[in-house]
Structure formats: C-alpha cells, structure tokens
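Here the structure is laid out as structure tokens; the discussion comes afterwards.
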C-alpha cells in the first residue's frame, strides 16, 4: 500500500472526526495538506467513495490529506451549545482542521478541495486565510452567460438527451423524470456569491500567489463550455494561476468510474505542478540533505 | 462515539464504537448495506447506534473491506469477504465491550452477511434482518434497474445497454457479481441465534420462505411488516433508510429485550 491512514480527532472536545492519509513512501517536502469534507449530506468518504480514492491517490504522489466530517454530519458531533448556522460552522470546522494539522503535524499551508456544496466553505476559507496556497473547486460556482445561451440549442444534438426524453415521456418512466427534476434542484439550490464578488475573490487569491483548479461538467448543469468561467467573471484573459477543466460528458457527482479517475488524475497533476517539486523519504530520520528532485510520476502531467 | 481501525495490518477495517451509556453485558453489531446503498444508510446507522447506546447497548458499526474508510479498492467486496469481516467485527466488539452476548442487525446486503456469519461460526443472541437480501439474483436485478434509471437521468444512456461492469457508481466485476448472485439465505447451514426477526415493509413470499426455513432449522423466527408513512414508503430501498423512523423505533424496542438477563 502507498498510504497509511489514522483516525484524526480534533476541534472542541475532539468532536470532529476524520481520517488522516499519509504517504507511506516518498513525501513532498513542505507540501500543503489537502483537506476534503462532506458533499451535501454525504459523509466524508464522498459520493461513490470519491474522497477515499482521491486521498489515497494523492498519498501515492507524496501528499498528506485529511478527509473529515464537519459538525453534525457523518461521524462528527456538534459541540454542545453551538448554535451557529451550518455555513458558518463549516468554515470554522475547516479552520479547526488546519489548526489541528499545524499543531499535530506541523503543516503550515493547505489546499481545500470543495466539491459542489462544499465549495462554499473551501472558497470562503481560501479567500480569507493566507495559509491557503491553493483551492480546488469541483463543480463550483456556475452562472449562465451569453455564451451559455448561445450554445444551449446544441443540447438538442445530444442523443442521450433524446433517449432520456423519449423513455421518460413516451414510455412513461415518471420515476426517472422525478429523479431528473430532483437532481436539478440538488444542483441548483446554492447560495452563490455574485459574479462581481467572485471576480474580486479570484483576483485576491491570484494576487496572493494561490493556485486554483476549477473543474466543471456538462450534463444538466449551468455550465456549457470550457471558457465560460472567464466569461462569468468578465476576465477573458484569465491567469496562469487559474486552471480550468471542462468534462462535457461527465455528470455532477462523477457517477462513472472513468470520470472519477480522470478528475483524480487531474487533481494530482495540478498539485504536483504547483507544490510537488521536492520530495523526501517518509522516515522522520531522513536528514535535510536527503532532499532530492522528484522523478516525474507516470500519473502526473508535468 | 469512537472511530477506530481494527483487523489485520493489510486489511484494516474502519468502525465507529458507541459505548453503552450505562453498564451493560449486551452489544450490537450493525452491518451496513452494500456499497451502492451505503451512503444513504450511513446517517440512519449513526442515529440507530446513538439511540441504542443511550438505551444501554454497546454498539459497533463498521465498513466492510473495500467500502467506506476500510482498506481495499471498491471492486473487491464479495459476500464471502464481507462475512469474514463480520466475524472480525464481532471479535472486535467483544474485545471492546466485554459483552457476554452480541446481537446482529443488518440492512439489505448487510442482513445477508449477518445471517451468513451466523451460519458460519458466529452466534448471536438476536439476529435482526431488515429488508434482507434473500436471493442474490433478485437483488442484482433490482440494483441494475436502478442503475439503468440513474444512467438515463445522468445522460449516460449508452451505459444502459449490454452487461454492466459498474453498478450505481461502483465497479461490479464478474467475481463480485457471481458472489452476490449466489446469495441464497434459504439453504445452507442453520443460523446460530436465539431468535431471528425479519423486518420488512411488505411481507412477501421470499420473507415467508426465509422464516419457514429458519423455523424448520429450530430457530424461533418472527416476520414483521413495519409500515412507514407514504412519503417514506414511496422511495426506493436505496433511499428509504435515510428517512425511516418507524423501523428505527421498532429496532430499538426489539433489542430492549436483550438488555434483560
């Protein structure tokens, strides 16, 4: 195995629970710790065990990750007397995770990975905390743009969309119709920042030297083409600190294994590119002189 | 609530132990459903474990190898491996709790694994089977029908044709399929349990066949239909546990008897 996993309890009364995933072989010197937590009501393993596969893959590349539950979800409890609203508590819990990793493992920098609803806390912490040196949004904020509406008719060329329509309406698969409509609600009910606010937040992150990876999918989302993000925030030039991927055939929770594999590889290559230049052996006995330049990983796009 | 890893070094299992709120010699092992139904059941299992521990049971809920936070990739979990994990978890729960007797509660695939563990070496005071997977073939067909609908909804219609190697977002290879389809609780060795309770929403022939088989083997077995409100009963088996309250109360009441004596 390329990883070791330990129970990681932290926060007030150790009420927050997670699993710390550390590389068993080479680890990257001074790398940020990677943080993942609940997507909606899913507990910390994520939809289709996404965060388990991701954090173990990142350990193979030399990164340490913490996948954890925010207060009241999964295996974490709400501290007695805590009456803060959920979004505020989620941000506080991410900060608690950072404090605990600094205290217990000496990490100074962090990369939160937000996925759908957890993007809200990832973004809030990223913008406000200088210890965050990178932010990854998987299916983050999407606003319809002129380009989105111009491309909208292209949806009608999608054979799968027609097949769904026919099987739902003509063959009367109303359960599928209901699920599709529920999915739409699950995807769309979010408290987004305004495009102007998002633009200034991204600018602030880039000015601070943070790196961003944004991954969007097609399907029934508000996202239709790769460059839509830059149109959304009215910044067509973009920045080399902001990397963007668009998978038109993937769905919102990466239901297919090949889509999950693709995203996991992409996250790994992003982290290697920005934070993975120096490695050391896991043994704490290794002296500073043991530093060496990393061999390119076959899994990373360097 | 105490999360922990246990089991062999290269095959560690993740579990959460809920110690009893008062001195007790009885413990309950909760067996999650299969990975396709796991996420929706997780919250309900936490609620159930918390409620049982408050009532005075020591409780352990755990992830099978290849599921949740346990070691292993998602394509390795067979009924055989999961049953071996149930045996391991029973030993762990006995060590943690020092309980004299252990009852097992399983949902769907977890109920099948709990039953198979009790017919292959482990013994339970009570074996509570909630909507058990009795025939593996029927279970796989049911998951395939849900998978077809999800693929259709998510615009992966091409995945609804031909034999699948994924099922509801997880790998489902030939080995896992063969093992799962081979489940048949109405044959094999009798279960070692003082009592079996089968909880279901609708009493069907397969439930009656299971009860009759256990009764013929000399194990007192009760089949009980638990009515959920329409807003819960209208959901698929994958989603129902997340919303269920009636079964939760039924389970707590059922296990209360094990605290006596």
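The values are calculated or read from the model by the stated rules, or taken from the named source; none is laboratory data. Predicted model only: the values in this text are computed from it and were never measured. When we count neighbours, we look across all protein chains shown, and the Cβ atoms used for this are built from the backbone with ideal geometry, even at glycine.
What to note about this one:
- Residue list for region A:37-58, filter: touching a strand residue (DSSP E or B) at 6+ places or on another chain (Cβ under 6 Å) and either assigned to a loop (DSSP other than H, G, I, E, B) or within 19 Å of residue A:133 (Cβ to Cβ) (or both): A:37, A:39, A:44, A:55, A:58
- Checking each residue in region B:168-193 for being more than 14 Å from chain A (Cβ to nearest Cβ) and in contact with a helix residue (DSSP H, G or I) (Cβ under 6 Å, 6 or more places away or on another chain) picks out B:179, B:180, B:181, B:182, B:183, B:185, B:186, B:191, B:192, B:193.
- Checking each residue in region A:13-25 for being at negative phi and not in a strand (DSSP E or B) picks out A:15, A:24, A:25.
- Filtered residues of region A:111-139 (kept if closer than 17 Å to residue A:241 by Cα and not in a helix (DSSP H, G or I)): A:111, A:112, A:113, A:130, A:131, A:132, A:133, A:134, A:135, A:136, A:137, A:138
- Among the residues of this structure, residue A:9 does not count as one that is within 13 Å of chain B (Cβ to nearest Cβ) and modelled with pLDDT under 95.
- Count of region A:41-59 residues which are more than 10 Å from every other protein chain (Cβ to nearest Cβ) and touching a helix residue (DSSP H, G or I) at 6+ places or on another chain (Cβ under 8 Å): 3
- Qualifying residue in region A:26-36 (condition: part of a strand (DSSP E or B) and within 14 Å of another protein chain (Cβ to nearest Cβ)): yes
- Any helices (runs of 4 or more DSSP H) falling wholly within region B:29-141 and containing at least 2 residues that are under 16 Å from the mean Cα position of the chain (by Cα) and within 14 Å of another protein chain (Cβ to nearest Cβ): B:35-55
- Residues that are part of a strand (DSSP E or B), surrounded by fewer than 22 Cβ atoms within 10 Å (Cβ to Cβ), modelled with pLDDT of 95 or more and out of contact with any helix residue (DSSP H, G or I) (no Cβ under 7 Å at 6 or more places or on another chain) do occur in region B:4-20.
- Look at (1) farther than 30 Å from residue A:248 by Cα; (2) touching a helix residue (DSSP H, G or I) at 6+ places or on another chain (Cβ under 8 Å); (3) buried (at least 19 other Cβ atoms within 10 Å of the Cβ) and you find that residue B:87 fails only one, number (3).
- Just one of the listed residues (A:131, A:144) is more than 14 Å from every other protein chain (Cβ to nearest Cβ) and at pLDDT 95 or above, namely A:131.
- Count - residues of region A:199-220 that are crowded, with 17+ Cβ neighbours inside 10 Å and either assigned to a loop (DSSP other than H, G, I, E, B) or more than 19 Å from the chain's Cα centre (by Cα) (or both): 4
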